[in-house]
Amino acid sequence: MLLNVYYDHPNNLANRLYGMWQLFPDLPIDEVIGFDNYTKQRGGQSFDGDLIVGGGGMFHEPWQDRLKQMLADCQGTRVLWSNGHDFWGKEQADYPDWLMACELRGMRDWGMPDCDWVPCPTCMLPVFELFRAKAPTQAIVAYEQPARPLRKATTFDRATVALGKDDGTGEHFFKVLSHLASGECVVTSSYHGTYWATLLGRKVIAVPFSSKFYAMRHAPLILPLAKLSDEAVLERVKDAPVYPGALEECRAANVRFKAKVCERLGI
């Protein structure tokens, strides 16, 4: 049996709408459980099978006990796929020692010793080419995490992570990509907004609230919320980096890791 546990928060488009079983349909995943439901459905029950946990900031402090439990329940191969830290109010984070017991460790955070770098697998979606090819229609747009709004600090054209409810068709995700692609530069307090805008070849100014923003392979320009203003953005936008090869690099990392997983599981 191959079990996939994923982060199923309603505002997390990356993991809820495009989970591992959807992005890699040839993986023989037998069961899918949302992270928040694992304890209720399986917690404490040992199972003789393999486990893929991913993706998302599973090392968020309040979640570590649950993650540790599901890893202990699994008697087969334990795979972390595009996991990472998410410590609010911090720039750096330490990983727990017990994570090294996992047989395969694919981390979205760059530079993690003894781990593979595996960024969010939403990069595999072919729709990125479509929006990347569109010419920007605005100099700067904003995209905000609901818990970290930007509206008091900037007046740029804005969208929010939780704008409307996705019906499962991906329509909301396409609207998000369209908005991000419409700007030459994206100012965002969203981790995935930062990631997706980078894949689209846009400049990114990130307004961080967590350690995860400081561990990205393709680092954005960081602008703390306390210093955020229209004037500050206009002054710094020339320094924001662009990574033309990011999409291909992220896809290649996921393809390599998938091959590693298949070899280990005998698929």
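The values are calculated or read from the model by the stated rules, or taken from the named source; none is laboratory data. Because the structure is a prediction, the values reported are computed rather than measured. Methodologically, a virtual Cβ is constructed for each residue, glycine included, from the backbone with ideal geometry; neighbour enumeration extends over all protein chains shown.
Consider the stretch 221-267 and keep the residues that are among the basic types (Lys, Arg) and under 28 Å from residue 90 (Cβ atoms). The one that is modelled with the highest pLDDT is 236. Return the total of residues in the stretch 243-254 being assigned to a helix (DSSP H, G or I) and either surrounded by 12 or more Cβ atoms within 10 Å (Cβ to Cβ) or on the phi > 0 side of the Ramachandran plot (or both). Selection size over the stretch 243-254: 8. If I filter the stretch 21-65 down to residues being hydroxyl-bearing (Ser, Thr, Tyr) and assigned to a helix (DSSP H, G or I), which single residue comes out as modelled with the lowest pLDDT? Restricting to residues being hydroxyl-bearing (Ser, Thr, Tyr) and assigned to a helix (DSSP H, G or I), the top hit is 39.
The condition (being modelled with pLDDT of 85 or more, crowded, with 20+ Cβ neighbours inside 10 Å, farther than 24 Å from residue 213 by Cα and within 20 Å of the chain's Cα centre (by Cα)) is satisfied by just one residue among 4, 83: 4.
Matching residues to (1) touching a residue at least 40 places away in the same chain (Cβ under 8 Å); (2) among the acidic types (Asp, Glu):
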site: 42; (1), (2): no, no
site: 49; (1), (2): yes, no
site: 55; (1), (2): yes, no
site: 66; (1), (2): no, no
site: 86; (1), (2): yes, yes
site: 113; (1), (2): no, no
site: 127; (1), (2): yes, no
site: 143; (1), (2): yes, no
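Of the residues making up the stretch 33-46, at least one is β-branched (Val, Ile, Thr) and more than 17 Å from the chain's Cα centre (by Cα).
Per the listing 94, 109, the residue uniquely buried (at least 17 other Cβ atoms within 10 Å of the Cβ), outside the structural domain of residue 172 (by TED's automatic domain parsing) and either small (Gly, Ala, Ser) or over 30 Å from residue 231 (Cβ atoms) (or both) is 109.
If residue 223 satisfies all but one of (1) outside the structural domain of residue 148 (by TED's automatic domain parsing); (2) over 18 Å from the mean Cα position of the chain (by Cα), what's the number of the condition it fails? Of (1) outside the structural domain of residue 148 (by TED's automatic domain parsing); (2) over 18 Å from the mean Cα position of the chain (by Cα), only one is false for residue 223: (1).
Within the stretch 210-225, residues that are touching a residue at least 40 places away in the same chain (Cβ under 8 Å) and within 14 Å of residue 144 (Cα to Cα) sit with their Cβ atoms under 8 Å from residues that are among the polar types (S, T, N, Q) and buried (at least 19 other Cβ atoms within 10 Å of the Cβ), at 6+ positions apart or across chains, in these pairs: 225/189. Restricting the stretch 233-242 to residues that are touching a Leu at 6+ places or on another chain (Cβ under 9 Å) and in a loop (DSSP other than H, G, I, E, B), the residue that is farthest from residue 222 (Cα to Cα) is 241. Of 259, 240, 206, 181, all but one fail to be in contact with a Pro (Cβ under 6 Å, 6 or more places away or on another chain) and of a type in the set (Gly, Ala, Ser); the exception is 206.
Here residue 205 meets the list (1) surrounded by fewer than 19 Cβ atoms within 10 Å (Cβ to Cβ); (2) assigned to a strand (DSSP E or B); (3) hydrophobic (A, V, I, L, M, F, W, C) almost entirely, failing just condition (1).
The residue list 142, 101, 147 contains one member that is more than 30 Å from residue 230 (Cα to Cα), modelled with pLDDT under 95 and not hydroxyl-bearing (Ser, Thr, Tyr), which is 101. Scanning the stretch 236-267 for residues that are in contact with a strand residue (DSSP E or B) (Cβ under 7 Å, 6 or more places away or on another chain) and over 28 Å from residue 206 (Cβ atoms) yields a total of 4.
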